[in-house]
Amino acid sequence: MTKRIIGLTGGIATGKTTVANYLASAYNLPILDGDIYAREAVAVGSPILQEIAQRYGKNILLADGNLNRQKLGEIIFNNQQERNWVEGLIHPYVRDRFLKEISLSPAQTLVLVVPLLFEAQMTDLVTEIWVVSCSEEQQLQRLIQRNNLSQQQAQVRIKSQIPLAEKIARADVVLDNSFTLEGLLKQIDHAINH
């Protein structure tokens, strides 16, 4: 039997983590998180972090040697060329980690949380695509609150991704997270059992 590999994506701050946590707790599904692998890629001492520091200088690092994410964010969310360069280092690492974990997992159903599933061209890793969506206003408000950003900073981050409508058009399952948590969980229950 081939594995069922759900690619869970959506816009920034639409509720992917809520969906992933529910799939893990209610259905005991393994969750492979692209954000965790992306953080691993730039861990202290990693070759990728060294390349980033070479390009942007020591100021891109915090005192403890970790990547200053806020500073890097200011660079890459305001410069497409720089974002492409950084993603060109990180995406192949993330892809390799997914492939390794998929091959090692005995589970028949896996959930890959990939915020940039389309942007990083990782759709070939999954057998179905689930997109979490909400209204633009909700997305903006959640992002501002969650990441403590200004409205302009939040809008730049949202615009750095493929528009949500385009992701929805390419989805096998769309989970609407505009209303209640209970409503969202019902949609997940429906999707996982079909």
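When you work out D = kT/(6 pi eta Rh) for the chain at 37 °C and 0.692 mPa s, using the Kirkwood radius from C-alpha pairs as Rh and the Stokes-Einstein form, the result is 186 µm²/s. For Asn28, put the label point 7 Å out on the Cα→Cβ axis and report which residues of region 91-110 keep their amide N under 16 Å from it. Only 106-110 pass the distance filter. Using alpha carbon centroids, what distance separates region 126-178 and region 76-97, in Å? Between the Cα centre of region 126-178 and that of region 76-97, the gap is 19 Å. Of all beta bridges that DSSP places with both ends in the chain, some 5 percent have antiparallel geometry.
Placing +1 on the Cβ of every Lys and Arg and -1 on the Cβ of every Asp and Glu, with no other charges, gives region 1-58 a dipole of roughly 80 debye about its Cα centre.
Of the residues Trp85, Asn68, Leu140, the one whose Cα sits farthest toward the positive end of the charge dipole of region 60-158, with +1 on the Cβ of Lys and Arg and -1 on the Cβ of Asp and Glu, is Asn68.
Loop-located chymotrypsin sites (Phe, Trp or Tyr not before Pro) across region 118-194 with a Cβ neighbour count of 16 or fewer within 10 Å are Phe179, with loop assigned by DSSP.
In plain terms, the chain from Asp96 to Thr18 could stretch by 25.6 nm, reckoned as 0.36 nm per residue minus the Cα-Cα distance. Under 14 Å from the 7 Å Cα→Cβ point of Lys3, by amide nitrogen: which residues of region 77-121? Under 14 Å, as judged by backbone N against the label point of Lys3, lie 95-113 of region 77-121.
Are there GluC sites (Glu not before Pro) in region 74-172 that DSSP puts in a loop and that have at most 16 other Cβ atoms within 10 Å, and which ones?
Glu119
Along the chain, counting only trypsin sites (Lys or Arg not before Pro) with a DSSP assignment other than H, G, I, E or B and at most 16 other Cβ atoms inside a 10 Å radius, the longest segment between sites is 4-169. Rounded to the nearest 20 debye, the dipole size of the chain about its Cα centre is 280 debye, using +1 on the Cβ of Lys and Arg and -1 on the Cβ of Asp and Glu. For Lys100, give me every one of the lysines with a C-alpha distance below 28 angstrom, ignoring sequence neighbours fewer than eight places off in its own chain. Straight-distance partners of Lys100: Lys3, Lys16, Lys167.
Can you tell me how much longer the chain between Arg146 and Arg170 gets when fully stretched, taken as 0.36 nm per residue apart minus their C-alpha distance, in nm with one decimal? Before the final figure, lay out each step's value.
Numbers: separation 24, 0.36 × 24 = 8.64 nm, distance 2.70 nm.
Between Arg146 and Arg170, full extension yields an extra 5.9 nm.
Expressed in whole Å with the largest first, what are the equivalent ellipsoid semi-axes of region 61-155 derived from the C-alpha gyration tensor as the square root of 5 times each eigenvalue? List each step's numbers first, then the result.
Values: eigenvalues 147, 81, 36 Å².
Semi-axes, largest first: 27, 20, 13 Å.
Only the Cβ atoms of Lys and Arg (+1) and of Asp and Glu (-1) were treated as charged; on that basis the dipole of region 37-104 about its Cα centre amounts to roughly 40 debye.
Here is how the number arises for the chain: DSSP H runs of 4 or more residues each give -39500 (n - 2.57), the sum is divided by the residue count, and the result at 222 nm is -16000 deg cm²/dmol. Sorted largest first, the principal axis extents computed over the alpha-carbon atoms of region 37-104 equal 38, 28, 17 Å.
Computed from the coordinates by the stated procedures, all read-outs in this text should not be read as laboratory data. Keep in mind that this is a model prediction, so the values were computed, not measured. Glycine gets a Cβ as well: all are built from the backbone with ideal geometry, and neighbour counts include every protein chain shown.
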